[in-house]
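The values are calculated or read from the model by the stated rules, or taken from the named source; none is laboratory data. As the structure is a prediction and not an experimental result, all values here were calculated from the model. Here the Cβ positions follow ideal geometry from the backbone for every residue, glycine too, while neighbour counts run over all protein chains shown.
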Amino acid sequence: MKAVNVKISSQSLHKLQQQLSLREGQVIKAEVVQIKGKKILLKIGTTILNAETKVPLQKGENLQLLVELLKDNFIKLKIIPEGETIKRETIMLSRLGVKPQENLEQTAQQLLKFKMPLAKEILGEISTIVKRHNLPKEILPLVVWLKSVGLKLDTKEDLQEIKNMLRFFKGELSSQEETKFFRLLNESESTILGGYNIYGWPLDNHHLYLLTSNSKGERIRPESCTVIIKMASQTFGDLWFKINYLGNTLKISITCNNELHKKVLEGEVALLQKGLQAIGYRVSEVKVETEEIDTVFDLIPIPLQEIKGVNYKV
(Lines give C-alpha, C1' and ligand atoms only; values in the text may rest on other atoms or scores of the structure.)
Protein backbone atom coordinates (compact mmCIF):
# COMPACT_ATOMS: atom_id res chain seq x y z
CA MET A 1 0.00 0.00 0.00
CA LYS A 2 1.48 3.32 -1.06
CA ALA A 3 0.75 6.00 1.49
CA VAL A 4 2.00 9.30 2.87
CA ASN A 5 2.38 10.27 6.52
CA VAL A 6 0.27 12.92 8.22
CA LYS A 7 1.44 14.44 11.52
CA ILE A 8 -1.06 15.68 14.07
CA SER A 9 -0.10 17.79 17.09
CA SER A 10 -0.46 16.33 20.59
CA GLN A 11 -3.14 18.93 21.40
CA SER A 12 -5.15 17.93 18.32
CA LEU A 13 -4.65 14.28 19.15
CA HIS A 14 -6.15 14.81 22.60
CA LYS A 15 -9.19 16.49 21.02
CA LEU A 16 -9.57 13.63 18.56
CA GLN A 17 -9.31 10.97 21.26
CA GLN A 18 -12.08 12.69 23.20
CA GLN A 19 -14.38 12.22 20.20
CA LEU A 20 -13.19 8.86 18.89
CA SER A 21 -11.69 5.80 20.54
CA LEU A 22 -8.84 5.47 18.05
CA ARG A 23 -6.95 2.21 17.62
CA GLU A 24 -4.09 1.13 15.42
CA GLY A 25 -5.30 -0.31 12.14
CA GLN A 26 -8.45 1.82 12.14
CA VAL A 27 -9.37 3.70 8.97
CA ILE A 28 -11.11 7.07 9.28
CA LYS A 29 -12.41 9.79 6.97
CA ALA A 30 -11.12 13.35 6.97
CA GLU A 31 -11.77 16.52 4.97
CA VAL A 32 -9.14 19.16 4.17
CA VAL A 33 -10.64 22.49 5.22
CA GLN A 34 -7.59 24.77 5.01
CA ILE A 35 -4.04 24.67 3.59
CA LYS A 36 -1.03 26.83 4.52
CA GLY A 37 2.07 25.26 2.99
CA LYS A 38 2.76 21.99 4.78
CA LYS A 39 0.31 22.89 7.53
CA ILE A 40 -3.32 21.91 7.04
CA LEU A 41 -6.58 21.87 8.95
CA LEU A 42 -8.42 18.56 8.89
CA LYS A 43 -12.04 17.96 9.82
CA ILE A 44 -12.59 14.51 11.31
CA GLY A 45 -16.16 14.11 12.44
CA THR A 46 -16.99 17.41 14.10
CA THR A 47 -13.41 18.09 15.22
CA ILE A 48 -11.01 20.49 13.45
CA LEU A 49 -7.36 19.45 13.81
CA ASN A 50 -3.98 21.00 13.06
CA ALA A 51 -1.81 18.69 10.98
CA GLU A 52 1.23 18.58 8.70
CA THR A 53 1.99 16.60 5.55
CA LYS A 54 4.41 16.76 2.62
CA VAL A 55 1.84 15.55 0.11
CA PRO A 56 0.15 18.30 -1.95
CA LEU A 57 -3.54 18.50 -1.07
CA GLN A 58 -6.47 20.63 -2.12
CA LYS A 59 -9.05 22.39 0.01
CA GLY A 60 -12.23 20.32 0.19
CA GLU A 61 -10.39 17.08 -0.59
CA ASN A 62 -11.68 13.99 1.22
CA LEU A 63 -9.07 11.64 2.64
CA GLN A 64 -8.91 8.10 3.94
CA LEU A 65 -6.46 7.85 6.84
CA LEU A 66 -5.01 4.66 8.30
CA VAL A 67 -4.02 4.87 11.98
CA GLU A 68 -0.65 3.15 11.65
CA LEU A 69 0.86 3.97 15.04
CA LEU A 70 -0.70 5.34 18.22
CA LYS A 71 1.21 6.26 21.37
CA ASP A 72 0.53 8.55 24.34
CA ASN A 73 1.18 11.85 22.57
CA PHE A 74 1.81 10.68 19.03
CA ILE A 75 -0.30 9.42 16.18
CA LYS A 76 0.98 8.31 12.78
CA LEU A 77 -1.61 8.47 10.02
CA LYS A 78 -1.22 7.41 6.42
CA ILE A 79 -3.18 8.80 3.52
CA ILE A 80 -4.61 5.95 1.49
CA PRO A 81 -4.81 6.92 -2.19
CA GLU A 82 -8.23 6.97 -3.85
CA GLY A 83 -9.27 3.48 -4.94
CA GLU A 84 -6.34 1.85 -3.13
CA THR A 85 -7.14 -1.60 -1.74
CA ILE A 86 -6.47 -2.09 1.95
CA LYS A 87 -5.59 -5.60 3.00
CA ARG A 88 -7.01 -6.95 6.21
CA GLU A 89 -3.52 -8.25 6.99
CA THR A 90 -2.10 -4.72 6.75
CA ILE A 91 -4.67 -3.38 9.19
CA MET A 92 -4.26 -6.28 11.60
CA LEU A 93 -0.47 -5.98 11.61
CA SER A 94 -0.81 -2.28 12.35
CA ARG A 95 -3.08 -3.11 15.28
CA LEU A 96 -0.34 -5.38 16.63
CA GLY A 97 2.16 -2.53 16.36
CA VAL A 98 4.01 -4.38 13.58
CA LYS A 99 5.13 -2.42 10.53
CA PRO A 100 3.41 -4.00 7.51
CA GLN A 101 5.90 -5.62 5.12
CA GLU A 102 5.19 -7.95 2.22
CA ASN A 103 6.67 -11.06 3.87
CA LEU A 104 4.80 -10.41 7.13
CA GLU A 105 1.54 -9.76 5.26
CA GLN A 106 1.96 -13.08 3.44
CA THR A 107 2.55 -14.86 6.75
CA ALA A 108 -0.45 -13.11 8.33
CA GLN A 109 -2.61 -14.15 5.38
CA GLN A 110 -1.65 -17.79 5.90
CA LEU A 111 -2.32 -17.55 9.64
CA LEU A 112 -5.81 -16.28 8.86
CA LYS A 113 -6.32 -19.05 6.31
CA PHE A 114 -5.50 -21.73 8.88
CA LYS A 115 -7.56 -20.01 11.59
CA MET A 116 -4.56 -19.35 13.78
CA PRO A 117 -4.03 -16.48 16.24
CA LEU A 118 -2.38 -13.48 14.63
CA ALA A 119 0.20 -12.91 17.35
CA LYS A 120 3.67 -11.32 17.30
CA GLU A 121 5.24 -14.48 18.73
CA ILE A 122 3.89 -16.74 16.00
CA LEU A 123 4.74 -14.22 13.26
CA GLY A 124 8.28 -13.98 14.59
CA GLU A 125 8.72 -17.75 14.90
CA ILE A 126 7.58 -18.47 11.35
CA SER A 127 9.53 -15.56 9.85
CA THR A 128 12.68 -16.78 11.63
CA ILE A 129 12.29 -20.31 10.21
CA VAL A 130 11.74 -19.00 6.67
CA LYS A 131 14.68 -16.56 6.80
CA ARG A 132 17.13 -18.83 8.60
CA HIS A 133 16.71 -21.65 6.10
CA ASN A 134 16.06 -19.44 3.07
CA LEU A 135 12.81 -21.24 2.30
CA PRO A 136 11.05 -20.27 -0.95
CA LYS A 137 7.72 -18.42 -0.87
CA GLU A 138 5.77 -21.45 -2.09
CA ILE A 139 6.65 -23.37 1.11
CA LEU A 140 5.17 -20.74 3.47
CA PRO A 141 1.62 -22.23 3.52
CA LEU A 142 3.09 -25.61 4.44
CA VAL A 143 5.24 -24.13 7.23
CA VAL A 144 2.19 -22.35 8.70
CA TRP A 145 0.01 -25.45 8.37
CA LEU A 146 2.63 -27.59 10.15
CA LYS A 147 2.61 -25.06 12.98
CA SER A 148 -1.21 -25.14 13.13
CA VAL A 149 -1.31 -28.91 13.64
CA GLY A 150 1.56 -29.05 16.12
CA LEU A 151 4.25 -30.54 13.87
CA LYS A 152 7.61 -28.87 14.50
CA LEU A 153 10.56 -28.20 12.22
CA ASP A 154 13.40 -28.89 14.64
CA THR A 155 16.22 -30.46 12.65
CA LYS A 156 17.98 -30.17 9.31
CA GLU A 157 16.42 -33.49 8.38
CA ASP A 158 12.97 -32.00 8.99
CA LEU A 159 13.75 -29.16 6.60
CA GLN A 160 15.10 -31.53 3.98
CA GLU A 161 11.88 -33.53 4.13
CA ILE A 162 9.68 -30.44 3.81
CA LYS A 163 10.28 -30.25 0.06
CA ASN A 164 9.08 -33.82 -0.36
CA MET A 165 6.12 -33.02 1.85
CA LEU A 166 5.31 -30.05 -0.38
CA ARG A 167 5.24 -32.41 -3.37
CA PHE A 168 2.78 -34.52 -1.39
CA PHE A 169 0.40 -31.56 -1.16
CA LYS A 170 0.93 -30.84 -4.85
CA GLY A 171 -0.15 -34.42 -5.63
CA GLU A 172 3.16 -35.17 -7.35
CA LEU A 173 4.53 -38.12 -5.35
CA SER A 174 4.42 -41.72 -6.46
CA SER A 175 1.86 -43.93 -4.76
CA GLN A 176 4.52 -45.56 -2.55
CA GLU A 177 6.04 -42.23 -1.48
CA GLU A 178 2.63 -40.67 -0.97
CA THR A 179 1.46 -43.49 1.29
CA LYS A 180 4.42 -42.80 3.59
CA PHE A 181 3.44 -39.15 3.99
CA PHE A 182 -0.24 -39.92 4.42
CA ARG A 183 0.70 -42.32 7.23
CA LEU A 184 3.03 -39.77 8.85
CA LEU A 185 0.41 -37.03 8.83
CA ASN A 186 -2.51 -39.22 9.81
CA GLU A 187 -0.57 -40.49 12.84
CA SER A 188 1.14 -37.25 13.89
CA GLU A 189 -1.04 -34.24 13.20
CA SER A 190 -3.47 -32.85 15.72
CA THR A 191 -5.19 -29.50 15.40
CA ILE A 192 -3.56 -27.33 18.06
CA LEU A 193 -3.99 -23.68 17.13
CA GLY A 194 -6.79 -23.91 14.59
CA GLY A 195 -6.60 -24.83 10.95
CA TYR A 196 -7.37 -28.18 9.41
CA ASN A 197 -6.36 -31.76 9.86
CA ILE A 198 -5.66 -33.17 6.41
CA TYR A 199 -6.13 -36.84 5.62
CA GLY A 200 -5.89 -38.54 2.28
CA TRP A 201 -5.31 -41.49 0.02
CA PRO A 202 -3.61 -42.01 -3.34
CA LEU A 203 -5.99 -43.35 -6.00
CA ASP A 204 -3.91 -44.56 -8.95
CA ASN A 205 -2.78 -41.30 -10.62
CA HIS A 206 -5.32 -39.25 -8.70
CA HIS A 207 -5.14 -37.80 -5.20
CA LEU A 208 -7.89 -37.55 -2.61
CA TYR A 209 -7.67 -35.19 0.38
CA LEU A 210 -10.04 -34.83 3.30
CA LEU A 211 -9.86 -31.55 5.22
CA THR A 212 -11.58 -31.29 8.58
CA SER A 213 -11.47 -28.75 11.38
CA ASN A 214 -12.27 -31.47 13.93
CA SER A 215 -9.63 -32.34 16.48
CA LYS A 216 -8.13 -35.83 16.31
CA GLY A 217 -10.34 -37.23 19.05
CA GLU A 218 -13.61 -36.02 17.54
CA ARG A 219 -15.87 -37.97 15.25
CA ILE A 220 -15.64 -36.73 11.69
CA ARG A 221 -18.89 -35.07 10.61
CA PRO A 222 -19.70 -34.50 6.92
CA GLU A 223 -20.71 -30.88 7.50
CA SER A 224 -17.29 -30.06 8.98
CA CYS A 225 -15.35 -31.60 6.09
CA THR A 226 -14.16 -30.62 2.66
CA VAL A 227 -13.20 -33.23 0.10
CA ILE A 228 -10.60 -32.20 -2.49
CA ILE A 229 -9.71 -34.42 -5.44
CA LYS A 230 -6.85 -33.81 -7.82
CA MET A 231 -7.71 -35.68 -11.00
CA ALA A 232 -5.17 -36.25 -13.75
CA SER A 233 -7.05 -36.00 -17.04
CA GLN A 234 -5.49 -36.70 -20.43
CA THR A 235 -7.90 -34.21 -22.02
CA PHE A 236 -7.99 -31.41 -19.44
CA GLY A 237 -4.71 -31.85 -17.57
CA ASP A 238 -4.98 -31.49 -13.79
CA LEU A 239 -8.50 -30.87 -12.50
CA TRP A 240 -9.16 -29.97 -8.85
CA PHE A 241 -12.59 -30.83 -7.42
CA LYS A 242 -13.66 -29.25 -4.14
CA ILE A 243 -16.76 -30.74 -2.53
CA ASN A 244 -18.68 -29.54 0.52
CA TYR A 245 -21.64 -31.40 1.99
CA LEU A 246 -24.23 -29.72 4.18
CA GLY A 247 -27.82 -30.72 4.85
CA ASN A 248 -27.70 -33.58 2.34
CA THR A 249 -26.74 -31.03 -0.31
CA LEU A 250 -23.52 -30.89 -2.31
CA LYS A 251 -21.68 -27.76 -3.32
CA ILE A 252 -18.99 -28.44 -5.92
CA SER A 253 -16.31 -26.34 -7.56
CA ILE A 254 -14.10 -27.58 -10.40
CA THR A 255 -10.87 -25.73 -11.13
CA CYS A 256 -9.08 -26.07 -14.47
CA ASN A 257 -6.13 -24.19 -15.96
CA ASN A 258 -7.52 -22.42 -19.05
CA GLU A 259 -10.67 -20.80 -20.44
CA LEU A 260 -11.15 -23.34 -23.27
CA HIS A 261 -11.30 -26.22 -20.78
CA LYS A 262 -13.64 -24.17 -18.59
CA LYS A 263 -16.06 -23.66 -21.45
CA VAL A 264 -16.11 -27.39 -22.26
CA LEU A 265 -16.57 -28.38 -18.61
CA GLU A 266 -19.39 -25.88 -18.11
CA GLY A 267 -21.22 -27.67 -20.92
CA GLU A 268 -21.08 -30.89 -18.87
CA VAL A 269 -22.28 -29.43 -15.56
CA ALA A 270 -25.95 -30.30 -16.15
CA LEU A 271 -25.01 -33.93 -16.87
CA LEU A 272 -22.98 -34.13 -13.65
CA GLN A 273 -25.85 -32.68 -11.61
CA LYS A 274 -28.30 -35.12 -13.18
CA GLY A 275 -26.04 -38.08 -12.39
CA LEU A 276 -25.60 -37.06 -8.75
CA GLN A 277 -29.33 -36.47 -8.33
CA ALA A 278 -30.01 -39.92 -9.79
CA ILE A 279 -28.10 -41.53 -6.90
CA GLY A 280 -29.85 -39.47 -4.24
CA TYR A 281 -27.82 -36.28 -3.81
CA ARG A 282 -29.17 -32.79 -3.94
CA VAL A 283 -26.80 -30.34 -5.61
CA SER A 284 -26.99 -26.64 -4.74
CA GLU A 285 -24.17 -25.49 -7.00
CA VAL A 286 -21.59 -26.71 -9.48
CA LYS A 287 -19.24 -24.01 -10.70
CA VAL A 288 -16.20 -24.16 -12.94
CA GLU A 289 -13.29 -21.79 -12.30
CA THR A 290 -10.00 -21.03 -14.00
CA GLU A 291 -6.97 -20.78 -11.74
CA GLU A 292 -3.47 -22.18 -11.47
CA ILE A 293 -3.58 -24.47 -8.43
CA ASP A 294 -0.19 -25.34 -6.97
CA THR A 295 -1.16 -27.25 -3.82
CA VAL A 296 -4.27 -28.32 -1.95
CA PHE A 297 -3.67 -25.28 0.30
CA ASP A 298 -4.67 -22.97 -2.57
CA LEU A 299 -8.24 -24.26 -2.31
CA ILE A 300 -8.61 -23.29 1.35
CA PRO A 301 -10.42 -19.95 1.57
CA ILE A 302 -9.08 -17.01 3.56
CA PRO A 303 -11.82 -16.05 6.07
CA LEU A 304 -11.17 -12.29 5.92
CA GLN A 305 -11.01 -10.88 2.42
CA GLU A 306 -9.53 -7.59 1.29
CA ILE A 307 -11.63 -4.53 1.94
CA LYS A 308 -11.79 -1.20 0.15
CA GLY A 309 -12.28 2.22 1.60
CA VAL A 310 -13.28 2.96 5.16
CA ASN A 311 -14.16 0.52 7.91
CA TYR A 312 -14.96 3.21 10.46
CA LYS A 313 -17.40 6.06 9.84
CA VAL A 314 -17.33 9.35 11.68
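The residue list Glu157, Glu172, Glu178, Glu161 contains one member that is modelled with pLDDT under 85, buried (at least 18 other Cβ atoms within 10 Å of the Cβ), assigned by TED's automatic domain parsing to the domain that holds Lys113 and not small (Gly, Ala, Ser), which is Glu178.
Considering the stretch 208-244 alone, what residues qualify as being surrounded by 12 or more Cβ atoms within 10 Å (Cβ to Cβ), under 20 Å from Lys113 (Cα atoms) and not hydrophobic (A, V, I, L, M, F, W, C)?
Tyr209, Thr212, Ser213, Asn214, Lys216, Ser224, Thr226, Lys242, Asn244
Residue by residue, here is whether (1) assigned by TED's automatic domain parsing to the domain that holds Lys287; (2) in contact with a Phe, Trp or Tyr (Cβ under 8 Å, 6 or more places away or on another chain); (3) in a loop (DSSP other than H, G, I, E, B) holds:
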residue	(1), (2), (3)
Met231	yes, yes, no
Thr235	yes, no, yes
Leu239	yes, no, no
Lys242	yes, no, no
Ile254	yes, yes, no
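Mind listing whichever residues of the stretch 83-119 are within 20 Å of Leu135 (Cα to Cα) and touching a residue at least 24 places away in the same chain (Cβ under 8 Å)? Across the stretch 83-119, the qualifying residues are Asn103, Gln106, Thr107, Gln109, Gln110, Leu111, Lys113, Phe114. Please verify whether Lys115 is within 30 Å of Leu211 (Cβ to Cβ) and surrounded by fewer than 18 Cβ atoms within 10 Å (Cβ to Cβ), treating the condition exactly as stated. Yes, satisfied.
Name the residues in the stretch 196-207 that are surrounded by fewer than 18 Cβ atoms within 10 Å (Cβ to Cβ) and either assigned to a loop (DSSP other than H, G, I, E, B) or aromatic (Phe, Trp, Tyr) (or both), would you? Let's see the steps before the verdict.
Our first condition is that a residue be surrounded by fewer than 18 Cβ atoms within 10 Å (Cβ to Cβ); within the stretch 196-207, this holds for 199, 201, 203-206.
Tyr199, Trp201, Asp204, Asn205 - these are the residues of the stretch 196-207 that are surrounded by fewer than 18 Cβ atoms within 10 Å (Cβ to Cβ) and either assigned to a loop (DSSP other than H, G, I, E, B) or aromatic (Phe, Trp, Tyr) (or both).
Picking from residues in the stretch 133-151 that are more than 14 Å from the chain's Cα centre (by Cα) and of a type in the set (A, V, I, L, M), the one that is surrounded by the fewest Cβ atoms within 10 Å (Cβ to Cβ) is Leu151.
Quick grid of which residues meet (1) farther than 30 Å from Gln160 by Cβ; (2) outside the structural domain of Leu159 (by TED's automatic domain parsing); (3) outside any helix (DSSP H, G or I):
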| residue | (1), (2), (3) |
| --- | --- |
| Val32 | yes, yes, yes |
| Leu41 | yes, yes, yes |
| Leu65 | yes, yes, yes |
| Ile75 | yes, yes, yes |
| Thr107 | no, no, no |
| Leu118 | no, no, yes |
| Leu123 | no, no, no |
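Out of Leu20, Leu16, Leu63, Leu69, one residue alone is at pLDDT 80 or above and surrounded by 14 or more Cβ atoms within 10 Å (Cβ to Cβ). It is Leu63. Among the candidates Lys274, Lys263, Lys287, single out the residue that is closer than 28 Å to Arg88 by Cα and either more than 27 Å from the chain's Cα centre (by Cα) or surrounded by fewer than 16 Cβ atoms within 10 Å (Cβ to Cβ) (or both). Checking each option against the conditions leaves just Lys287.
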